[in-house]
Each structure stands twice: as C-alpha cells, then as structure tokens.
Amino acid sequence: MERIVEPTNELESIIFINKRIMIKSFFLNIYIMVIFFCCATVLITSCGDNEETVPVTDVSFDNPTLLLIEGQKQILKAIIAPENATNKSVTWSSSSTGVATVSSVGEVEAKTVGTTTITATTVDGSKVAVCEVKVMKSLVSVTSVSLNKTELPLLIGGKETLIATIVPDNATVKTVAWTTSDAAVASVSQTGEVEARAIGSATITATTLDGEKTATCVVTVDASEFTVTFNTNGGTSIENAVIEKGNKLNKPTDPTKEGGLDEGLYPGKVNIEMGTYTFGGWYTDEQLTIAYDFDTEVVEDLTLYAKWDVNSGDLPEPIDLESINGDNIMVKAINYLKSLSLDTPAEYTLLLANNITSNNELSFNNKSVTLHFMGKGTERVIKRTINGNVFTINGGTFVLHKNIKVTADNIGNYYAFNILGGGHLVMEDGAKISDIKGATGRAAAVYVTDGASSFTMNGGEICNNELVGGSGNIIGVAVCLNWGSFYMKGGLISGNKLETCFNTHCVAGGVMAIRRTPFIKTGGVIENNTAEITTAGGAGRTGQQVFCFATTGDGGAANHRKVDDNLSKDDNLSNKEMTNPLWKVVP
C-alpha cells in the first residue's frame, strides 16, 4: 500500500486532500463497475436459462435417388425434423468424389459415369441421410422401337412375352410402357407378358418413355377347347363333349327314342319294332342334310342334330286287360291266357315297358298258347324276392326275347323257371336269366322235370347265378335236366357258381343232365362255371361245366361223365354220344 505522508503546510494540505479525494473516487468507480458487471452477468445468465433448445431427431432427403448427366448440377435439400430444431446445420460428403462432388450447401456436381452416395450429417445429433447418385453419359435419345412379333395368335389361357427392341442400342432411357386395346381379350404386364383371356383380337402397344415412340402387335385369341352339343330331337339325352382344339370328336353311344307299341298283351307274334324309331346318324344342320364326319378336327363350338327313321307299319291294338285280376300287367296277361279255351294253337306277345317285382308264382299252363315275352326299348327286369318259383311253365310255350331279364333273391328250394307238364321254354338273343342269389334247390335258373317238357336255348344268357347247399342228388346251377330235353343252339352259360357240403351229391356249375334225357349242344358257349363240394369223402362228384349223371339203369356211377374245360360254340356235345373226347370219366 501507498504510505500516507501527512502535509506540512496548507498547500500540501490542499494537495493532500485533493489527492485523497481522487484516490477515493478512483476506488469508488472501480467498485461501481464491479457491481455492474456482476449484475449484468447474473441478468444474462438468468435470461439464457429461460430459452429451451430443440434437438434434431431426423434428417432425410426429398429424393433418395438422383440421376444426373455428366456436368449436370443439382442441389439436394436436407429435411430436418423437427422443423423447429434449434440447430439445423448439416455437413455434406460424397463417397466417391470422382463420380460426383457435393458443396457445403448440398449442391451436387456430376463428374463422370458411375455411382456415389451423398451423405448429409446433422451437426446436432449426427443424424444421417443418404442419396444414391447415378451419373450417366450425356443423353442419347430413342429414335425407334420395334417388337419381335407384329401378330400373335394365342389360345384362351395362353401366355407369351413380347420383346421390345430400342434403337439406338445405347439410348440413355430404354424403358417402355405396355398397354392393350382390350384387356378383356388380352392383357399385358409391364414386362411385356401377354395373356389371352377371351376370343377376339386386341392390339398390344409398347411406348418408349423417351420420345414416346411406339410399336404394336395384334393379338388374335382363339378357344383352346370347344363344346359339342348333342340335340337328340326327342331321344335320350347325351352330355355335351368338350374337345381340345385340333382333336377329333369320339362318336357317342347312339341315343334311343321311345315309340312303337305301348305296354300290353297283343294277339299274334307282333313286330315290336313297328312304329319305333331307329337312329339315323348325326347332322350339322337342323334340316338334317349335312352328315357330320367324325374323322374331322373340331375347330369351333358346334351342335349336332340326331336323325330318326320311323319303322313303318300299322300298329296293332293291345287286348283290354282292365277287368282281369292281377296287380301288374304280367299277372293280368297270364291270368287272361289261362282262361282261354282254344281249339287250335295261338300266339300272343306280352310287351313290358317297366320293371316288375312280383312275389306271386306265375303259372303258365295253357297248352295251346305260345307267349312271346319282350321288353320295350331297354332291358326290363322281372324279379322275385321270397321263396318260390318265379315262373312255372305247366304247358304251352314260353319264349323270352330281347330286353327281358329274369332274376331273384332268396328263392330257396325253387327256380326261376320250373318246367313240367309238357311245357316248353325258349330263349332268344337278348334274353337273360341272371344274377340269382339265395337258391338252395336243384338249380337256380332252369329246372326241367317232365319227359314231355323241354328247354331250347337259341341265344341269350344264363350268367352269374349262385346256389348254396342244394337238395336232391343232382344239381346244376344254370340248367338241371332231371327229365325232358335241353337243346343248346346258341347263347352263353357263364359265371355260375355252386358250393355244397353234401358229399353224396353230383353237381355241375353249368349244366346237369340225366344220361337218358336228351342234352344236345350244337352251338353257344359254356364257360367259367364252378362247382365245389366242401366236405371230403362220399360218393359226390363235380363237373365244372357239364355233368352227365348215369342212373342205375344206365350203368350207375361208372358211366358218369363230365366236362371241366370251357366249351366254345364249335364244341358240339351230346349225352347220346358218350364217345366224344370232350366227355371225361368221373373218378
């Protein structure tokens, strides 16, 4: 500190006082300035604490990719979030300055062909946004475009990709846009793939983005498959056929058409074809003038029309059976014929137009009557479902014609046809005695038990009948000839099956004949029938197709003969010629 020297005179006292005043004034000023400075600092600090800083949360570019031509410049804009951020400053950088540079304000300058990444980094928070910059050579304009096809045929559902060729090959922008004139007919994707949708035509156009050059292709769509409709003109219906383009139509099964005689009993042997319709082929026009050739390819949808030829002839009137007893036409007809008193032989025809299930035994016994049994149009089935014979022919002649099938279930110790009393059964082509189940007697189908009775098989089928057990010492599933005659001139006996535990019986899967009764085969086929005795021992014997039983008067068991092998239509056989090598000795 300054040492204070006391004044010695007035002048020095004045000087001394002034000096003291000056010193005090100086220190006062200093003190005031310090106080001011401190107050100002406090004030400023207090004001600054009241203003809130908003940090940056994100940064992005309005365009994350950028395409430039060499030498071109463009400013990128960095978008700061939030918009009211306190510090919006960013720094800029390029991953490859040889391709493009960027200034401190975001101006990008393309240098040479290539790709670089421009990065903007916020000063506040170091948030990053990137933009991929692709630099291309100076623009080369498109001069033309062409397609690899100007015409394109397709089938519905077919696809094909068109190829657009840009000229020149080094055009800068080679992108094309694809359009169609009718998307319902043919659509096109932006890769040029065309898809056929419906029959018709559409124009596919490829347009370049540079210069709007165009090229077109006309697409013609045809059906990949066609529908053939069959108009049967009143005949049985036939489902439509769907044929792939270029294939041929397979000829369908001929339709049928109802016509001719009504169901009923007619006097005489009538021609049931009278007044019926015969199918006359398929035609392409309703006037039936142009026959369709099934050897041609189907190239369009078409309708074929059935032609019918009418079989001429005056149609006879059926007999009125209204007052005759019976629950169906067959019972009424047989009861009517029973009641007739005839001096001379007469013929009648019973025409069925429906299936019949009848559990009443039908006994045909008018010796003067020949009854022709026929089915109208298609097969008509006569069936019995309880014990008992389906038919008993006790006189007269019963003729089964086409479209008649006789069958049964659970008939027990009975037969489809029991022939006795001089009755005769005749089978013609198209008749059937088949699929009988539950038989336990001497036969399932035909049993002849009277010396004056006969069975003549000109055609038809006795097939797939089954017999289990059996009664009596001789059994034949298809035919059992206990007496009478069996003449086989045609037809088929096949698939009949016998199984019995009675080892004393002689059995045949097909035909059983007593040696002294005429069995003569001059045609037809006997095959694939089976017979089995399930109990060993005993005197029982089997013949798969035919068994000829010798009674005591015929020499007994030593003269039994059988045929196990199938018999063709040319294998003639008779039990009156036992030297025929087809007959085999029964061991």
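From the list THR349, THR357, THR278, THR289, the lone residue that is without any contact (Cβ under 8 Å) to a residue 40 or more places away in the chain, closer than 28 Å to ASN418 by Cα and hydroxyl-bearing (Ser, Thr, Tyr) is THR357.
Conditions tested, residue by residue: (1) within 49 Å of the chain's Cα centre (by Cα); (2) of a type outside the set (A, V, I, L, M, F, W, C); (3) closer than 21 Å to GLY555 by Cα; (4) in the same structural domain as ASP409 (by TED's automatic domain parsing).
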| position | (1), (2), (3), (4) |
| --- | --- |
| ASP450 | no, yes, no, yes |
| SER494 | yes, yes, no, yes |
| ARG515 | no, yes, yes, yes |
| PHE519 | no, no, yes, yes |
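Which fully enclosed strands (runs of 3 or more DSSP E) of the range 195-259 have 2 or more residues being closer than 19 Å to GLU151 by Cβ?
Result: 200-208, 214-222.
Take the conditions (1) in a strand (DSSP E or B); (2) in contact with a Lys or Arg (Cβ under 8 Å, 6 or more places away or on another chain); (3) within 18 Å of GLY430 (Cβ to Cβ); ILE493 misses just one of them, which is (2). Restricting attention to the range 500-518 and to residues that are touching a Ser or Thr at 6+ places or on another chain (Cβ under 8 Å) and part of a strand (DSSP E or B), the residue that is surrounded by the fewest Cβ atoms within 10 Å (Cβ to Cβ) turns out to be ILE514. For the range 243-259, a residue qualifies if it is touching a residue at least 60 places away in the same chain (Cβ under 8 Å) and either aromatic (Phe, Trp, Tyr) or in contact with a Leu (Cβ under 7 Å, 6 or more places away or on another chain) (or both), and exactly one does: LYS245. Annotation for the range 353-364: no member residue is at negative phi, out of contact with any Ser or Thr (no Cβ under 8 Å at 6 or more places or on another chain) and crowded, with 22+ Cβ neighbours inside 10 Å. Listed by position, the strands (runs of 3 or more DSSP E) enclosed by the range 394-435 that each have at least 1 residues that are among the charged types (D, E, K, R) and surrounded by fewer than 21 Cβ atoms within 10 Å (Cβ to Cβ) are 404-412.
State whether one or more residues within the range 456-468 are in contact with a Phe, Trp or Tyr (Cβ under 6 Å, 6 or more places away or on another chain), in a strand (DSSP E or B), free of Cβ contacts under 8 Å to residues at least 60 places away in the same chain and in the same structural domain as ASP435 (by TED's automatic domain parsing). Among the residues of the range 456-468, at least one is in contact with a Phe, Trp or Tyr (Cβ under 6 Å, 6 or more places away or on another chain), in a strand (DSSP E or B), free of Cβ contacts under 8 Å to residues at least 60 places away in the same chain and in the same structural domain as ASP435 (by TED's automatic domain parsing), which makes the answer yes.
Scanning the range 197-227 for residues that are modelled with pLDDT under 95, of a type in the set (A, V, I, L, M, F, W, C) and over 22 Å from PRO168 (Cβ atoms) gives ALA198, ILE199, VAL221, ALA223, PHE226.
Among residues of the range 55-83 that are in a strand (DSSP E or B), those with a beta-carbon under 8 Å from a residue that is exposed (fewer than 15 other Cβ atoms within 10 Å of the Cβ) and among the small types (Gly, Ala, Ser) at least six positions away or on a different chain give the pairs ASP58/ALA81; VAL59/ALA81; SER60/ALA81; ILE69/SER138. Of the residues making up the range 107-134, those that are out of contact with any strand residue (DSSP E or B) (no Cβ under 6 Å at 6 or more places or on another chain) and among the hydrophobic types (A, V, I, L, M, F, W, C) number 1.
Each row is one residue, and each column tells you yes or no for (1) of a type in the set (D, E, K, R); (2) in contact (Cβ under 8 Å) with a residue 12 or more places away in the chain; (3) surrounded by 14 or more Cβ atoms within 10 Å (Cβ to Cβ).
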residue: GLY157; (1), (2), (3): no, yes, no
residue: THR161; (1), (2), (3): no, yes, no
residue: ILE166; (1), (2), (3): no, yes, yes
residue: VAL185; (1), (2), (3): no, yes, yes
residue: GLU195; (1), (2), (3): yes, yes, yes
residue: ILE204; (1), (2), (3): no, yes, yes
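Considering each of VAL173, VAL142 in turn, give the residue that is closer than 30 Å to ALA202 by Cβ and touching a Leu at 6+ places or on another chain (Cβ under 6 Å).
Result of the check over VAL173, VAL142: VAL173.
The values are calculated or read from the model by the stated rules, or taken from the named source; none is laboratory data. Note that the structure is a prediction, hence the values are computed from the model and not measured. So basically every Cβ, Gly included, is an ideal-geometry build from the backbone, and we count neighbours across all protein chains shown.
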